[in-house]
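The values are calculated or read from the model by the stated rules, or taken from the named source; none is laboratory data. Small disclaimer: the values here were computed from a predicted structure and weren't measured. Here the Cβ positions follow ideal geometry from the backbone for every residue, glycine too, while neighbour counts run over all protein chains shown.
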Amino acid sequence: MKEKKIEIEDVQLRELFQKTGKKAPENLQYRIMHQIETESALTRKKASPAKRGMTLLKDLRNIFGTMYILLAAIVGGSYLLLGEEFLKSPHFWGTVILVSVIFSSLWMITRIDCYVREKKK
Amino acid sequence: MNENQRVQQVLSGNTSAFAYFVETYQDMAITIAYRICGNMQDAEDVVQESYVKAYRNLHTFRSESKFSTWLYRIVYNTAVTHSKTRIWMGMNETEIEHATDLTDQGADARLAERERREVVTDVLERMPKGDALLLTLYYMEDHPVKEIASITGLNEPNVKVKLFRARKMFKELMTGTYSMEEVGNG
């Protein structure tokens, strides 16, 4: 008897409560989805370690690739224009070292710049 | 498509698939947040924050429980942190002892639907926040005691006891309000 009364009460209370829920404002869904989409876009933009590794290799290839092409051109040009003897002279080796130092410095500056940018982010 | 498949969709990068969960559960989420925070502005902020948390931690969701239970637990915790209040407060035992029977009074039968809704909302707002929340979860969404325990972090016997007391208090306040209205109208 008591259980039945509780059951009836439960049904009545359920009916009462069904209509008292709050309604979310219309723009709430938009606000939530907008925030989630923005966050997910920002997360995608963050460079992954693998991507960072790729950038490093790309820089290496570009800078040192150019350097070796230039050195090859210097060696080829010197050999053709000034002869084999010039390739053994200190003047030639000085030029080679100077070119290497310039390109190495350029690579170092690029790496420092990347590091500072990542730090800032 | 079931909810687990939708969760997998979101995890695989389809962010817009998450809109289903927002649309389906936002009303109940805001009701829970409102019961704890006590105002709509804070409730909206809590719900927004909760959904973002849910999205960020979706990979930790285990399909053994319902998505709604998992989400409501986040909403509950966020709202409690946000409101910085104790929601489980002691109740006046004498009030409970003298609680009257709702079925005997037939109060709901005599009140117009809108009035009833207003009275219920008013009574819930006058009750301790935790009790109002328990009644809302139990009667509005038909959550079993086990799920309510998961959402609130209470154990099942505790939920049953609190629910019993909350129901009594609700009936008493409801009857009291109704009687006062009758006097006012008469």
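The C-beta contact set for the range B:13-33 (first residue more than 8 Å from chain A (Cβ to nearest Cβ), second residue surrounded by fewer than 17 Cβ atoms within 10 Å (Cβ to Cβ) and in a helix (DSSP H, G or I), distance under 6 angstrom, 6+ apart or interchain) comprises B:A17/B:Q9. When we screen B:A33, B:A43 for residues that are among the aliphatic types (A, V, I, L, M), touching a Cys at 6+ places or on another chain (Cβ under 9 Å) and in a helix (DSSP H, G or I), the only hit is B:A43.
Tallying residues that are surrounded by fewer than 22 Cβ atoms within 10 Å (Cβ to Cβ), of a type outside the set (D, E) and more than 7 Å from every other protein chain (Cβ to nearest Cβ) within the range B:38-61 yields 11. Could you check the range B:1-30 and list, in sequence order, the residues that are touching a Lys or Arg at 6+ places or on another chain (Cβ under 8 Å) and under 18 Å from B:T81 (Cβ atoms)? Within the range B:1-30, just B:I30 meets the criteria. Looking across the range B:1-28 at every residue that is among the acidic types (D, E) and at pLDDT 90 or above, the one that is surrounded by the most Cβ atoms within 10 Å (Cβ to Cβ) is identified as B:D27. Considered as a group, the residues in the range A:10-48 that are of a type in the set (S, T, Y) and loosely packed, with under 15 Cβ neighbours inside 10 Å include one that is modelled with the highest pLDDT, and that residue is A:Y30. When the range A:55-69 is limited to residues that are among the aliphatic types (A, V, I, L, M) and surrounded by 12 or more Cβ atoms within 10 Å (Cβ to Cβ), the one that is modelled with the lowest pLDDT turns out to be A:L56. Taking the range B:1-11 as the range and being within 12 Å of chain A (Cβ to nearest Cβ) and farther than 16 Å from A:Q35 by Cβ as the test, only B:L11 passes. Could you tell me whether A:Y79 is without any contact (Cβ under 8 Å) to a residue 24 or more places away in the chain and surrounded by 13 or more Cβ atoms within 10 Å (Cβ to Cβ)? For A:Y79, the condition - without any contact (Cβ under 8 Å) to a residue 24 or more places away in the chain and surrounded by 13 or more Cβ atoms within 10 Å (Cβ to Cβ) - is met.
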